[in-house]
1. Where the centroid of each part is defined by its Cα atoms, how far is the stretch 74-104 from the stretch 11-70 in Å?
2. Where Rh denotes the Kirkwood radius from the mean inverse Cα pair distance, what is Rg over Rh for the chain?
3. Order the peptides 50-58, 12-20 from the highest to the lowest mean number of other Cβ atoms within 10 Å of their residues.
4. Relative contact order for the chain: what is it in percent, counting Cα pairs under 8 Å that are at least 6 residues apart?
5. Sort 88-101, 21-34 by the packing proxy (mean of other Cβ within 10 Å over each peptide's residues), most packed first.
6. Considering the chain as a Gaussian network with a 10 Å cut-off on Cα pairs, which listed residue, 42, 61, 86, attains the greatest mean-square fluctuation?
7. Counting helices only, and only those DSSP H runs with n ≥ 4, report the 222 nm mean residue ellipticity of the chain as the sum of -39,500 (n - 2.57) divided by its residues, in deg cm²/dmol to the nearest 500.
């Protein structure tokens, strides 16, 4: 968890720097649609690696997906702690039950 917290802090620090010096700043300058699309691309690459890639490819793509998720959350001012709190809230609840409760 420390790694994700440090990454979240790094992303926050780089959001507003010169886009020529930071990939995070470039993504933020391009806006939410680009960040969302990039997260989707990384998620698809993760799925592809899970189905046909090596272990190392899957690990790399999973890392890319987490990174881009944190970039998108940061752009929406949603701290990782809030997402973790939601996971904590769901702990011990059947996935089927939790999913059914979202429909109501």
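Nothing in this text is a laboratory measurement; each read-out follows from the coordinates by a stated rule. It should be emphasised that the depicted structure is a prediction, and the values quoted were computed from it without experimental measurement. FYI the Cβ positions are ideal-geometry reconstructions off the backbone, even for glycines, and counts take in every protein chain you see.
1. Using only Cα atoms to place each centre, the spacing works out to 22 Å.
2. Numbers: Rg = 15.7 Å, Rh = 15.3 Å.
Computed over Cα atoms, the ratio is 1.03.
3. Values: 50-58: 11.6, 12-20: 13.2.
Put in order of decreasing packing, that is 12-20, 50-58.
4. After rounding, I find 24 percent.
5. Values: 88-101: 9.5, 21-34: 15.0.
My ranking of the peptides, most packed first, is 21-34, 88-101.
6. Of the options given, 86 has the highest mean-square fluctuation.
7. Numbers: 6 runs with 82 residues, N = 104.
When only DSSP H runs of four or more count, the value is -25500 deg cm²/dmol.
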